[in-house]
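The values are calculated or read from the model by the stated rules, or taken from the named source; none is laboratory data. Quick caveat, the model's predicted, so the values are computed rather than measured. All Cβ positions, glycine included, derive from the backbone under ideal geometry; neighbour counts span all protein chains shown.
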Amino acid sequence: MRTNQKPKKTSLVNIFVILVATFLFSFLFIVFLSYTKHIEYKNILTTINTLSIPKIINSSQVFHHANSLVYLTEKLNNSKTKASRRLVYNEIVKEIKKIKRLGNKLSEGNTFLNTNLDSIKSELYELNILIENRLNIQKKIETKVEMLNNLQSQVLSFYEKNDVNIFKNKMEVNKWRLYFTEITKLGYQSLNIRKLNQLKENISQQKRLFTLLENTSKNVTIKPFYSLKEFGNQLQKDTFDKDGLLNLRLKQLKINGRATGHGNFVNNLINDFTIELEYTAINYSQSIIIQSKKNQDKANKQIKLLVVYFVLIFLILLSIIYYINNLIIKRLILLNQNVQQKINGEHIKLKDERNDEISHITYSINYFAKKVYEQNKQLEELSLNDSLTGISNRRAFDIKLEAELNLVQRNDYVMSLLMIDVDYFKLYNDTYGHLEGDDCLKKIASAIKSVVKRDLDLVSRYGGEEFACILSNCNTKNATQVANEILNQIKTLKIHHPTSRCSNYISVSIGFTTVSNNDSLDYKTILINADKSLYKAKQNGRNQVVSFLEL
């Protein structure tokens, strides 16, 4: 009986190991030849090493430390903490001492080097003082920001605690909070401003807002909110006083400018110094060049021989690359192209007839592509957006309503649900067709969205020509206002509807209900109440708003 046997797997790892071993063997052969030639020059180089090289080494070390000085200067200029500033400055002092010591080895009593180093050291000391002042101001700014954060938390807590006690002066109290929020927002923005004129404009805005805040505080006469004046005084102390956040930011920007300019000046001094050192190093190198010329002819002959060997190794390397290109790279490129085609939506099946790791990867990609396709279909079904209007769909509405009812149950606040129906929309579709009807629904959705702007609220397409709005923490009065704004916004669209029996233009009927944690929070009951209100609006002649409390 004949049995089907799987073809034996060819391991790419084994092939790769063989190719790498071949290359390494050839490389080691070249290294061996180079080493034998190196021994021949050993005696010549020994004589050179005892003459000028020590000076060149010292010169290069001086040049290296001078370059390190440039890096440390930049690091000092960018120090963020006092500890890092102190450490960097100590390193700078050590580098200057090393440069002096090495320079004296090159030439005793090197006046040029010592004079320039003293000048650089003096300028770096002044730069260090500037950085220290900048860090002190930064520390004060951080303290002021922390105090501003605490004050903001106190104000927020105060409003949450006393929000229910606002019976009069409500507009002034809310204005005060708005001005306070804008001032703190501008205060935080000032921390990211890098230009002096922009910072001054920011400060001017804050002062104008603070004047409005003080005037608003004078108009608040209810007892719990007398504390607003104290909060305003604390805000003035933390922000506008001589040692306040804004004056500290002005000082910081000015010191930053001075530090940057001084740092650039020091870097220019060091760069000029390194250029002179480089010129000295070149002079020292001339003696080595002269001696090396005598051995150049002999070295040329050896180089030609090494070139032949390197050409041979290069040909071997090309052969290895060619083989790897055909066996691995081309297949991977083809695999990548096929994967891109699948990503672009082309339904193709990846193929690879070899039996190795790449063919197994191809199989895995086919398997996972199938799984991804199935999961994408599921995700499309679970989408939360309405495909026509772009607003939330019924599923998103259900999720939001359930979450909002849970919040009402746990907290002492209310929510409102608006049900919106387009008046005589079937007649509009019959008159203009479904395409115009779809366009009309899009405009209505956009109009509702332009009224209901809060992130906490939700506008959704409930079904057909029906829309729904969930207004979080919204009482009956505010819900009535929002509903009337929606009604008026729809009217401003002026979409002609000659077959409507209540208006010459597209209009809507709105019914809503408001619930708190004292009411029945049953999901179906709330929908029924809102629907009853909508039904009553239609009975009354449509193009109007009806609350469940009016039933």
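A few comments on the model shown:
- Within region 416-451, restricting attention to residues that are assigned to a helix (DSSP H, G or I) and small (Gly, Ala, Ser), the residue that is farthest from Ile526 (Cα to Cα) is Gly437.
- Of everything listed in (1) modelled with pLDDT under 80; (2) among the aliphatic types (A, V, I, L, M); (3) more than 30 Å from Val307 (Cβ to Cβ), the single unmet condition for Ile131 is (1).
- Failed condition for Thr221, given (1) surrounded by 13 or more Cβ atoms within 10 Å (Cβ to Cβ); (2) not in a helix (DSSP H, G or I): (1)
- Only one entry in Val508, Val408 is among the aliphatic types (A, V, I, L, M), in the same structural domain as Ala537 (by TED's automatic domain parsing), over 25 Å from Asn540 (Cβ atoms) and touching a Leu at 6+ places or on another chain (Cβ under 7 Å), namely Val408.
- Counted residues, region 293-326 - those being modelled with pLDDT of 70 or more and either in contact with a strand residue (DSSP E or B) (Cβ under 9 Å, 6 or more places away or on another chain) or hydrophobic (A, V, I, L, M, F, W, C) (or both): 17
- Inter-residue pairs, beta-carbon under 8 Å, first part of a helix (DSSP H, G or I) and in region 251-275, second surrounded by fewer than 19 Cβ atoms within 10 Å (Cβ to Cβ) and among the polar types (S, T, N, Q), 6+ apart: Gln252/Gln138; Ile255/Asn133; Leu269/Ser119; Thr274/Asn67
- The number of residues in region 538-551 being without any contact (Cβ under 8 Å) to a residue 40 or more places away in the chain and closer than 14 Å to Ala479 by Cβ comes to 3.
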